[in-house]
Amino acid sequence: MLDAFSRAVVSADASTSVVGDINALKAFVASGNRRLDAVNAIASNASCMVSDAVAGMICENQGLIQAGGNCYPNRRMAACLRDAEIVLRYVTYALLAGDASVLDDRCLNGLKETYAALGVPTTSTIRAVQIMKAQAVAHINDTNTEANAGKKFVQMGSAKGDCSALTSEAASYFDRVISALS
């Protein structure tokens, strides 16, 4: 796994030059606390995000939980929840590192082919990822409300300020997952 610094060094070494884009590394450091808050907001809500995304996917396609569906019986549902949790975990790793290589190498490499071999419907998986993407953006921006979350609502209290770059970055990682499955 490479972080923004490692990636800059490897890139400079490959071209036998010095690290060129110091401003990008300064921006990465400056966003450090917000980046940590964003990862914490996702990780702290991961269980709920995953279960809500899978439940939303099933609500839109009831056939998944019928006999013969891909979330029937319980062991298939457990596998679905596990896979969604793994995707979310690797997205948080990428967000923390500021680099998608860990997501690509350890999560997405061969995922579409594996799902095709197992008969997993990618359209349903993509829908669950889209739901997690919307949730992650709301948590990073700290825009979730009690009306949306219900009785278990917890305001994360993320660092205040402009998080648009982080939300865009997080959304791009979810878009990578969607693209890999498409």
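The values are calculated or read from the model by the stated rules, or taken from the named source; none is laboratory data. Fair warning: this is a prediction, and the values are worked out from it, not measured in the lab. No Cβ is skipped: glycine too gets one built from the backbone with ideal geometry, and neighbour counts run over all protein chains shown.
Worth a mention:
- Scope segment 1-46; condition part of a helix (DSSP H, G or I) and of a type in the set (D, E, K, R); matching residues: Arg7, Asp13, Lys26, Arg34, Arg35, Asp37
- Long-range neighbours under 6 Å by Cβ, at least six apart or interchain, first residue over 13 Å from Val120 (Cβ atoms) within segment 63-76, second part of a loop (DSSP other than H, G, I, E, B): Gly63/Gly69; Ile65/Cys71; Ile65/Tyr72
- Failed condition for Ser17, given (1) modelled with pLDDT of 90 or more; (2) out of contact with any helix residue (DSSP H, G or I) (no Cβ under 7 Å at 6 or more places or on another chain): (1)
- Put simply, of Ala134, Ala38, Ala43 the only residue that is on the phi < 0 side of the Ramachandran plot, crowded, with 17+ Cβ neighbours inside 10 Å, under 18 Å from the mean Cα position of the chain (by Cα) and assigned by TED's automatic domain parsing to the domain that holds Arg176 is Ala38.
- Residue match in segment 105-126 (condition: in the same structural domain as Arg76 (by TED's automatic domain parsing), surrounded by 17 or more Cβ atoms within 10 Å (Cβ to Cβ), closer than 19 Å to Ser164 by Cα and not hydrophobic (A, V, I, L, M, F, W, C)): no
- Out of Ile65, Ile126, Ile22, one residue alone is of a type in the set (Val, Ile, Thr) and under 16 Å from Ile178 (Cα atoms). It is Ile126.
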